[in-house]
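> Pasting a structure below so you can have a look.
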Amino acid sequence: MTILISQPDRRGEEEEEGRRSTTTFVDDLVLDGGFVTPKDVVKEGGFVAPDINSYGNSFRDYDAETERQKTVEELYRLNHIHQTYDFVKTMREEYGKLDKIEMSIWECCELLNDVVDDSDPDLDEPQIEHLLQTAEAIRKDYPDEDWLHLTALIHDLGKVLLLPSFGGLPQWAVVGDTHPLGCAFDESIVHHKYFKENPDAQKPDYNTKCGIYQEGCGLNNVLISWGHDDYMYLVAKENKTTLPSAGLFIIRYHSFYPLHKSGAYTHLMNEEDRDNLKWLKIFNKYDLYSKSKVRVDVDKVKPYYLSLINKYFPDKLRW
Ligand SMILES: [Fe+2]
Ligand SMILES: [Fe+2]
């Protein structure tokens, strides 16, 4: 079933969200999902979002009985056992060398076409669809923030870590929600029970609220579990992108749901983190709710995104 969703008048919300630009809607967003009915369409923070995913469940419902539920839980079990402070340090050093391959952002988008994210209970579409759906949905609502469009396009490119030419890392080291290491595992982290088997859980220094960190130290000083977020952040930063700090923050922490959804670990943030978190929360609505059976005409939008890549990443990238 195809439904047309009219965009609401959201001027009041735009003021509330500060730097949002004046919005004009060129097209209505068309969602084509067999489970979505008009009564399922809810308004959330200025974005019209379906409240069920393409499996007919609530978004991010980790207890729903779906064909993917077992796969998702097993991924988190392994993630919580194997992601330790030392593991993350090793991965950052290894992948920070950027000695795997040279390619452009768009080449990477195409490469990602083969990847399906096992951690995602909402989607089993090729990743390039998700990238373009997210970017195009944001572009409609924030037409002047071109950095945000590009951020959306590239936010998941780090999932190439799953491919053999990037080391073929297991899903638990690439996808799923992220969390800090070196301090206590917050109860809000999905499938928290599996941390019992993590070696870090036995280290007293790592199990207080601040752990090895100082309050307000800034997230840049906090080690976060290894995956596609941090990898793409390293790639963008080391290749000297001119994306603003908020764009890099979104890329680096978009899977950090304990922070941006549950409000955990905010005591580790500094002023810049707090500013950037506002943008991450805006971005997250699109990252989450634009996942549906919408098809984007790749050839039609490609020239626009190539121009943004040229602007923010003028050279071929090292990965
Ligand atoms: Fe992601
Ligand atoms: Fe995403």
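The values are calculated or read from the model by the stated rules, or taken from the named source; none is laboratory data. Only a predicted model underlies this, so the values are computations on that prediction, with no experimental measurement involved. Every residue, glycine among them, receives a Cβ derived from its backbone with ideal geometry; neighbour counts consider all protein chains shown.
> Would you mind stating whether K278 is more than 16 Å from ligand 2 (Cβ to nearest atom), in contact (Cβ under 8 Å) with a residue 40 or more places away in the chain and of a type in the set (K, R)?
yes
> I would also like to ask the following. Kindly indicate whether D299 is closer than 17 Å to H155 by Cα and assigned to a helix (DSSP H, G or I).
Working: closer than 17 Å to H155 by Cα: no; assigned to a helix (DSSP H, G or I): yes.
For D299, the condition - closer than 17 Å to H155 by Cα and assigned to a helix (DSSP H, G or I) - is not met.
> I need the full set of residues from the stretch 212-221 which are surrounded by fewer than 21 Cβ atoms within 10 Å (Cβ to Cβ) and either of a type in the set (A, V, I, L, M) or not in a helix (DSSP H, G or I) (or both), in order please. Quick ask: steps written out before the conclusion?
Filtering the stretch 212-221 for residues surrounded by fewer than 21 Cβ atoms within 10 Å (Cβ to Cβ) gives 212-218, 220-221.
Residues satisfying the conditions are I212, Y213, Q214, E215, G216, C217, G218.
> So for the stretch 283-306 (the condition being free of Cβ contacts under 8 Å to residues at least 40 places away in the same chain, surrounded by 15 or more Cβ atoms within 10 Å (Cβ to Cβ), within 16 Å of ligand 1 (Cβ to nearest atom) and farther than 20 Å from N113 by Cα), does at least one residue qualify?
Yes, some residue in the stretch 283-306 is free of Cβ contacts under 8 Å to residues at least 40 places away in the same chain, surrounded by 15 or more Cβ atoms within 10 Å (Cβ to Cβ), within 16 Å of ligand 1 (Cβ to nearest atom) and farther than 20 Å from N113 by Cα.
> While we're on this one: Return yes or no: is F59 away from ligand 2 (no atom under 13 Å from the Cβ), of a type in the set (F, W, Y) and modelled with pLDDT under 85?
no
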